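For reference, the structure discussed in these notes is given below.
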Amino acid sequence: MKEISFIRQNIEKWRALEPVIDTASSQDPGRLADAYLEITTDLSFSRSNYPRSRITIYLNNLASALHNSLYKNKKESRSRIWNYWKTEVPLVMYASRRELLISFLIFIISAGIGSLSTVNDDMFARLIMGNGYIDMTLDNIESGNPMGVYGEMSQVSMFFMIVWNNVRVSFLTFVSGMLTGLGTGLMLFQNGVMLGSFQTFFFQQHLGLESMMAVWLHGTLEISALIIAGAAGLALGNGFLFPGTYPRGFAFRQGAKRGLKIVVGTVPIFFIAGFVESFLTRYTSASYVLRGGFILLSLAFVLYYYIFLPRKLSHAIPES
């Protein structure tokens, strides 16, 4: 890339960071850290390609000023955890909105494939969920307790098992992004097909509404977090596949940092979903109104925190 093109592409970003440095004492430490990462990435690229250029000196001065500001304001790190959940996760979700959309589409299409396959092949549900699970579920249906699987284990044991499994799957979905995103897509596809087959099987047993009330009581958070973890994996893969103007190694590290922030942000959601599945889902006698209200509340939280709040914060940054 020619130097003039590099400057034109990034000059507005650099100018926007100058007032951030000037007011570093009142800035969020997370914002300073992200700005420092952006500047040092550009500085490394400039040093490699234009070592004697004035733009390299300019970027070096910006990076030095940001470095000093970060260490000068180190005492503010006590609010780092709060700022992480309040601003950093929503902002990184806004930066990854395309990956989130792709992850959602892969999952929804996969669920549709699982549903259609179950409708057209009586043995497909057994292939996906196993003969043991299907036979147990049919026995539960005959005994009048179709959702009995949620009450077979002790609540505490079930909680730890579910949380561990969900967190493990989410991190595997993220790490699979190192396989250029194909691994993440495969994880989303498998889980989507399984969900589509599961729900369709219960509709075939004329228990569609009951199964949705039980599954989505915890599944609204659980499935949403899985799709979000898929966005993290795609961000990791895209950093390697599409480095843009940056060296591939730097772009990969940027994608890894962005993806890691996203997937760590899903951990509390999996804990809440695990609690609901272990302690609340088993009460299938609860009214549809109560359970439906909780599902809508969970959905409202996901939409606000991962879609509307990121957009709101991203629009507020230039003004601040």
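The values are calculated or read from the model by the stated rules, or taken from the named source; none is laboratory data. Since this is a predicted model, take the numbers as computed values, not measurements. All Cβ positions, glycine included, derive from the backbone under ideal geometry; neighbour counts span all protein chains shown. Accessible surface areas use protein heavy atoms only, side chains included; no ligands, DNA or RNA. Shrake-Rupley method; radii C 1.70, N 1.55, O 1.52, S 1.80 Å.
At-a-glance table
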| read-out | value |
| --- | --- |
| Structure-based [θ]222 nm, the chain - -39500 (n - 2.57) summed over DSSP H runs of at least 4, per residue, nearest 500 | -25500 deg cm²/dmol |
| 0 to 90° range, to nearest 10: angle between helix 208-241 axis and the chain longest Cα axis | 30 degrees |
| In nm, spacing of pseudo-spin labels at LEU138 and ARG311 (7 Å Cα→C-beta vector) | 4.7 nm |
| Using alpha-carbon coordinates, inclination of helix 3-22 to the longest axis of the chain, degrees | 90 degrees |
| Residues of the chain: accessible area per residue with a 1.4 Å probe, Å² | 53 Å² |
| Entries in LYS13/LYS261; LYS13/LYS257; LYS2/LYS261 that, when Cα-Cα distance is taken, lie over 24 Å | LYS2/LYS261 |
| Highest-first arrangement of 183-193, 115-125, 154-164, where packing means the average Cβ count within 10 Å | 183-193, 115-125, 154-164 |
| Charge sum, other residues only, whose C-beta stays under 15 Å from PHE308's C-beta, Lys/Arg counted +1 and Asp/Glu -1 | +4 |
| Positive minus negative residues near VAL267 (Lys, Arg vs Asp, Glu; Cβ under 15 Å) | 0 |
| Mean Cβ neighbour count within 10 Å, used as a protection proxy, ranking 214-225, 168-179 highest first | 214-225, 168-179 |
| Distance between the stretch 120-173 and the stretch 263-320 - C-alpha centres, whole angstrom | 22 Å |
| Phi to ³J(HN,Hα) by Karplus 6.51 cos²θ - 1.76 cosθ + 1.60 over the stretch 166-178, Hz, x for Gly, Pro | 5, 5, 4, 5, 5, 6, 5, 4, 5, 5, 4, x, 5 |
| Protein accessible area in the chain, 1.4 Å probe - carbon and sulfur % | 65 percent |
| Where LYS13, LYS261, LYS312 fall by accessible area, highest first, once all protein chains stay in place (1.4 Å) | LYS312, LYS13, LYS261 |
| Degrees separating the helix 54-72 axis from the principal Cα axis of the chain, which is the longest one | 60 degrees |
| Cα gyration tensor shape for the stretch 116-232, rounded if a/c is under 1.5, else prolate or oblate | oblate |
| Estimated FRET transfer efficiency when R0 is 51 angstrom, pair TRP14-ILE113 (beta carbons, to 0.05) | 0.65 |
